[in-house]
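*Asks:* Below: one structure in structure tokens.
Any read-out appearing in this document is the output of simple, stated calculations on the displayed coordinates, not a laboratory observation. Just so you know, these numbers come straight off a predicted model, no measurement behind them. Quick reminder, even Gly has a Cβ in these numbers, built from the backbone with ideal geometry, and neighbours come from all protein chains shown.
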Amino acid sequence: MIGKKYNDILRNLEKNIESTRDLNLAKSALADLSVSYADELTKINQNYITKVGNFETRLSDLEKKFIDTEIGEIHLSETISCPYCNFNFSVEYDDTNQEITCPKCNNLIELDWGDFEDDM
């Protein structure tokens, strides 16, 4: 596509420029412009290739961290609504913890984790 357009422009120059000196100057300028354009496209392409490579590396690292993480290391939380003051706060899942104090009203709240793991 670009090659066809380039050749069309050259033919147009050859038809419309009578002076050999002017024609050669125009062809040289067009060639220089084309080379500059191709160089710029090459730089842009290389930049994108580098960025994609970096993203692939980061994704691979994240996937490895995710796979290496054991279920015991994952922190699960549940939002609790205090039955006394209706304050909502987050509590990390711990089936050994059966009660918690509301951070707002300081009342003791009994925790019933139920089938929390089955909800996931």
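*Asks:* Against the longest principal axis of the chain, how steep is helix 2-16, in degrees 0 to 90 to the nearest 10, with axes from Cα atoms?
*Replies:* Computed tilt is about 30 degrees.
*Asks:* Also, I was wondering about something else. About its Cα centre, how strong a charge dipole does region 1-51 have in debye, to the nearest 20, once Lys and Arg get +1 and Asp and Glu get -1 at the Cβ? Walk me through the numbers on the way to the answer.
*Replies:* Numbers: 8 positive and 7 negative charges, 40 e Å.
Here the size comes out at about 200 debye.
*Asks:* I've got another one for you. Mind checking the dipole of the chain: about its Cα centre, +1 per Lys or Arg Cβ, -1 per Asp or Glu Cβ, Debye to the nearest 20? Spell out each step's value before the answer.
*Replies:* Numbers: 12 positive and 24 negative charges, 402 e Å.
My answer is approximately 1920 debye.
*Asks:* P(r) for the chain: what percent of alpha-carbon pairs falls in each 5 Å bin, starting at zero?
*Replies:* Computed distribution, short to long bins: 2, 8, 10, 9, 7, 6, 6, 5, 5, 5, 4, 4, 4, 5, 5, 5, 4, 3, 2, 0.
*Asks:* What does the extension gain come out to for S36 and C85, with contour length at 0.36 nm per residue minus their alpha carbon separation?
*Replies:* My answer for the length gained is 10.6 nm.
*Asks:* Let's test the formula: R0 of 25 Å, r as the Cβ-Cβ distance of K5 and K43. What FRET efficiency results, to the nearest 0.05?
*Replies:* With a Förster radius of 25 Å, E is 0.70.
*Asks:* Grab the chain and count how many Lys pairs have their alpha-carbon atoms under 17 Å apart, sequence gap of 8 or more, or different chains.
*Replies:* Within the chain, the lysine pair count is 6.
*Asks:* As an exercise, identify the GluC sites (Glu not before Pro) in region 1-60 lying in DSSP coil whose Cβ has no more than 14 other Cβ atoms within 10 Å.
*Replies:* Values: sites: E14, E18, E40, E56; in loops: E18.
Filter output for region 1-60: E18.
*Asks:* Under a 5 Å amide H to amide H cut-off, with H placed in plane at 1.01 Å, what residues pair with I80 once short-range neighbours are removed?
*Replies:* The answer is F89, S90, V91.
*Asks:* Once every DSSP H run of n ≥ 4 in the chain is given -39500 (n - 2.57) and the sum is divided by its residues, what mean residue ellipticity at 222 nm do you get, rounded to the nearest 500 deg cm²/dmol?
*Replies:* On the way: 2 runs with 64 residues, N = 120.
Roughly -19500 deg cm²/dmol at 222 nm, from the helical runs in the chain.
*Asks:* In degrees between 0 and 90, to the nearest 10, how far off the longest principal axis of the chain does helix 20-68 point, with axes built from Cα atoms?
*Replies:* Roughly 20 degrees between the two axes.
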